[in-house]
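Okay, so here's the structure we're looking at.
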Amino acid sequence: MRPLKKPITTSISAATNGARMAGGERRLQILRLAERLFSQRGFRGTTTKEIAHAAGVSEAMVFRHFATKKELYSAILDHKACLHDTMDPVQVVADAIARKDDRAVFEGLALDALDRHDCDPEFHRLLLHSALEEHELAQMFWEKFVTRVYRILGTYIRQRQRDGAMIQIEPLVIVRAFVGMVIHHSLNNNLWDRKRTLLKISNQAAAREFTDILLRGVTTTNRRNGLSKKATGKNSRKKSSR
């Protein structure tokens, strides 16, 4: 077994190393430690031997609970979904979608994502490692959650376009712009600017402002109001010049 890159000091391992645990408790302990090590060192930099060492068990015990690494990766996603009750965006804003409340849909999704990232930056780092290393967990997360967000929001936006409430722009472009604002804000807060020196704003305010920016650009009511204000301004300038 190659030496650890740095000591593993986690409350999980410290409290449980060497202790006898029930099967379900041991499985959860291994799962949590694996996620922490993956988020700190990446997937290529973490071995099952190191996970076993941190948990105070044999490598065989790790494979007894997770027959393959892929099973371990899948269990991490499932565990996160259970911790947060749901990672299903439909349930987060289901009522708002049914009411066709554009503000509630986008603001609700933005706030849920920002709060989730703040509460669990470790998982955020884990996903970044998986993407940078072209690890299969990234694809699993993409297929299980990200594509669902795009599909649901895209469908909602198309319906609102048919209703005449939103302008005709490719729906997935709108989704990409919205998700981009939210994710970039989270990355700044949780990775690059943890002290919020560049921008200090609550998640509620950020979700509200991002939604304002989006809706002012894509809703037909705001577009009509903007055009009418421009026309009024031009007319007033013409009158004043006479």
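The values are calculated or read from the model by the stated rules, or taken from the named source; none is laboratory data. Everything numeric in this text was worked out from a predicted model, so none of it was measured. Positions of Cβ are backbone-derived with ideal geometry, glycine not excepted, and every protein chain shown enters the neighbour counts.
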Inset, instruction - Find all pairs meeting these conditions: Cβ atoms under 6 angstrom apart; at least six residues apart or on different chains; first residue within the stretch 139-158 and hydrophobic (A, V, I, L, M, F, W, C); second residue loosely packed, with under 15 Cβ neighbours inside 10 Å. - result: I152/V90
Legend entry - Filter result (under 12 Å from H135 (Cβ atoms) and of a type outside the set (S, T, N, Q)) within the stretch 29-71: F38, G42, F43, R44, G45, K69, K70
Legend entry - Boolean, V90 is among the β-branched types (V, I, T) and touching a helix residue (DSSP H, G or I) at 6+ places or on another chain (Cβ under 8 Å): yes
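Would you check if I213 is in the same structural domain as V90 (by TED's automatic domain parsing), of a type in the set (A, V, I, L, M, F, W, C) and either at pLDDT 95 or above or touching a Ser or Thr at 6+ places or on another chain (Cβ under 8 Å) (or both)? Steps first, please.
On the way: in the same structural domain as V90 (by TED's automatic domain parsing): yes; of a type in the set (A, V, I, L, M, F, W, C): yes; either at pLDDT 95 or above or touching a Ser or Thr at 6+ places or on another chain (Cβ under 8 Å) (or both): yes.
So I213 passes the test.
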Inset, instruction - Determine if the stretch 61-76 includes at least one residue that is at pLDDT 85 or above, touching a Ser or Thr at 6+ places or on another chain (Cβ under 6 Å) and not charged (D, E, K, R). - result: yes
Inset, instruction - Would you list the helices (runs of 4 or more DSSP H) that sit entirely within the stretch 93-154 and hold 3 or more residues that are within 12 Å of the chain's Cα centre (by Cα) and buried (at least 16 other Cβ atoms within 10 Å of the Cβ)? - result: 102-119, 121-132
Legend entry - Pairs where the first residue, in the stretch 186-203, is without any contact (Cβ under 8 Å) to a residue 24 or more places away in the chain and the second is aromatic (F, W, Y) and part of a helix (DSSP H, G or I), C-beta under 9 Å, 6+ apart: L198/W192
Inset, instruction - Go through (1) more than 20 Å from A110 (Cβ to Cβ); (2) modelled with pLDDT under 80 and name the single condition N222 misses. - result: (1)
